[in-house]
Amino acid sequence: MYIVLLGPPGSGKGTQGQILAKFLNISHLSTGDLFREILGNPNHPLYPEVQVVKEGKLVSNEVVNRVVENGLEKPEHARGVLFDGFPRTVAQAEALDRILGKMGKKVDLVIDFDVSREVLLHRLLGRRICPSCKKVFHIKQGYAECPDCHVALIQRDDDNEETIMERFKEYKEKTAPLQAYYRNSDATYISLTVTDAEKTPQDVQEEIIGELKKRGIIK
Ligand code: AP5
């Protein structure tokens, strides 16, 4: 199964993506994680191309599409992929259709997270991540280190108010048009509204599983 997660920064794509991919036994491909890894390696050939991430701007379609196409050749992606943060523009969505088409596959399911701006900001400013396993936490959970890897949690460089505003702008201008793109495609489209700040990641996960069962995608 090939799944695309859509939603603004902080809407829970990473949190839900990690759990859902495990549940469905498919791989989790986060372009944000790939670019942060490149940013940590000045010798990487794409290091100059991904510097824009620090300003909250999108990496060029050409670079992103190349990275994803090369990445998809890995055997771990053969069972299916949950795409987190890709595609982010209509040009990327068209490229993904082309890449999957060559493999005789297609995007089967799109899950679109709709979360209020106020909740997004609160989540992003309080987010902490494990630099080793990439698991996502929030300061309100009270962890100083990853409970699995036992390394200190860190804050992402782009989780500051100025960069977050730029990321919101990029999302509205370039990524939101994908909602119409996928609503007009053959893929099953599930829209989840998470305006309730009290809805926990577990609540959202149960809602997703419920929707998948209702539509006969899983038993
Ligand atoms: P990326 O890493 O994809 O960042 P993003 O899209 O901005 O999304 P985030 O990772 O910030 O949020 P999320 O939706 O995953 O939320 P999360 O689950 O962490 O991309 C980073 C950058 O890379 C981009 O800005 C761009 O420059 C570049 N890039 C990446 N892909 C690209 C592409 N395809 N094209 C061009 N450029 C690209 O949750 C956030 C917080 O909320 C966490 O603390 C979490 O614990 C908490 N939380 C989640 N759900 C809940 C809940 N239900 N209740 C309470 N708290 C919750």
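The values are calculated or read from the model by the stated rules, or taken from the named source; none is laboratory data. Quick caveat: nothing in here was measured; it's all calculated off a predicted structure. Cβ coordinates were reconstructed from backbone atoms using ideal geometry, including for glycine residues, and neighbour counts include every protein chain displayed. When the accessible area is computed, the model is the full protein with side chains, heavy atoms only, and any ligands, DNA or RNA have been set aside. Shrake-Rupley method; radii C 1.70, N 1.55, O 1.52, S 1.80 Å.
If you take the charge dipole of the chain about its Cα centre, with +1 on Lys and Arg Cβ and -1 on Asp and Glu Cβ, which of 20, 133, 6 is farthest toward its positive end?
Of 20, 133, 6, it is 20.
Can you tell me the relative contact order of region 1-76? Whole percent, Cα pairs under 8 Å, sequence separation 6 or more.
Relative contact order comes out at 17 percent.
Give me a comma-separated list of calculated 3J(HN,Hα) values for region 163-174, in order, Karplus coefficients 6.51, -1.76, 1.60 applied at θ = phi - 60°, integers in Hz, x for any Gly or Pro.
5, 4, 4, 5, 5, 4, 5, 4, 4, 4, 6, 10
Among 178, 45, 218, whose Cα lies farthest out toward the positive end of the dipole of the chain, if unit charges sit on the beta carbon of Lys, Arg (+1) and Asp, Glu (-1)?
Value: 218.
How long is the gain from residue 1 to residue 145 if the chain were fully straight, where each residue apart is worth 0.36 nm and the alpha carbon distance is subtracted?
48.5 nm
Give the relative contact order (percent, whole number) for the chain; include only Cα pairs under 8 Å separated by 6+ residues.
Relative contact order here is 29 percent.
Each residue of region 115-120 in turn: what ³J(HN,Hα) in whole Hz from Karplus with 6.51, -1.76, 1.60 and θ = phi - 60°, glycine and Pro shown as x?
Ordered by residue, 3J(HN,Hα) equals 10, 5, 4, 5, 5, 4 Hz.
Can you give the FRET efficiency for residue 161 and residue 183, using 1/(1 + (r/R0)^6), R0 = 41 Å, r = Cβ-Cβ distance, to the nearest 0.05?
About 0.80, to the nearest 0.05.
Using only helices, what value at 222 nm comes out for the chain when you add -39,500 (n - 2.57) per DSSP H run of length 4 or more and divide by the total residues, to the nearest 500 deg cm²/dmol?
Rounded to the nearest 500, the figure is -11500 deg cm²/dmol.
Could you order the peptides 101-112, 13-24 from most to least packed, using the average number of other C-beta atoms within 10 Å per residue?
With the highest mean Cβ count within 10 Å placed first, the list reads 13-24, 101-112.
Of the options 75, 110, 188, report the single residue whose Cα projects farthest towards the positive end of the charge dipole of region 2-214 (beta-carbon charges: Lys, Arg +1; Asp, Glu -1).
75
On a 1.4 Å probe surface of the protein chains, which of 39, 120 comes out largest in accessible area, and what is the full order?
From most accessible down to least: 39, 120.
Which distance in Å, rounded to a whole number, links the C-alpha centroids of region 58-118 and region 1-31?
Computed from Cα coordinates, the inter-centre distance equals 11 Å.
Can you give me the distance in nm between label points at residue 213 and residue 176, each placed 7 Å from the Cα along the Cα-to-Cβ direction?
Spacing of the two 7 Å Cα→Cβ label points: 3.5 nm.
Which net charge results when you count Lys and Arg as +1 and Asp and Glu as -1 among the other residues whose beta-carbon is under 14 Å from that of residue 26?
It works out to a net charge of +1.
Hey, if we sort 79, 88, 117 by accessible area with the 1.4 Å probe, largest down, what's the order?
Per-residue accessible area, sorted high to low, gives 79, 117, 88.
Just the number please: accessible area per residue for the chain, 1.4 Å probe, all protein chains included, in Å².
I get 52 Å² per residue for this part.
Can you list the residues, at least 5 places off or on another chain, whose amide H is less than 5 Å from the amide H of residue 4, using H built in the peptide plane?
Excluding prolines and chain starts, which carry no amide H, the hits are 83, 109, 110, 111.
With each pseudo-label sitting 7 Å past Cα toward Cβ, what's the residue 63-residue 23 distance in nm, one decimal?
For the pair residue 63/residue 23, the computed spacing is 3.4 nm.
Show the residues, 5+ positions off or on another chain, whose built amide H is closer than 5 Å to the amide H of residue 28.
Amide H neighbours of residue 28: 82.
Which value, in debye to the nearest 20, gives the size of the charge dipole of region 2-214 about its Cα centre, when Lys and Arg are +1 and Asp and Glu are -1 at the Cβ?
About 300 debye.
Using per-residue counts of other Cβ atoms within 10 Å, averaged over each peptide, order 3-9, 162-168 from highest down.
With the highest mean Cβ count within 10 Å placed first, the list reads 3-9, 162-168.
If you wrap a convex hull around the Cα atoms of the chain, how much volume per residue is inside, in Å³?
Hull volume over Cα atoms, normalised by residue count, gives 128 Å³.
Explain nothing, just compute: Karplus ³J(HN,Hα) = 6.51 cos²θ - 1.76 cosθ + 1.60, θ = phi - 60°, for every residue of region 48-58 in order, whole Hz, x for Gly and Pro.
x, 5, 9, 4, 4, 4, 5, 9, x, 8, 7
With both bridge residues required to lie in region 2-214, what share of the DSSP beta bridges run antiparallel, to the nearest 5%?
So the antiparallel bridges amount to about 20 percent of the total.
Could you tell me what percent of the accessible area of the chain is made up of carbon and sulfur, with a 1.4 Å probe and every protein chain present?
50
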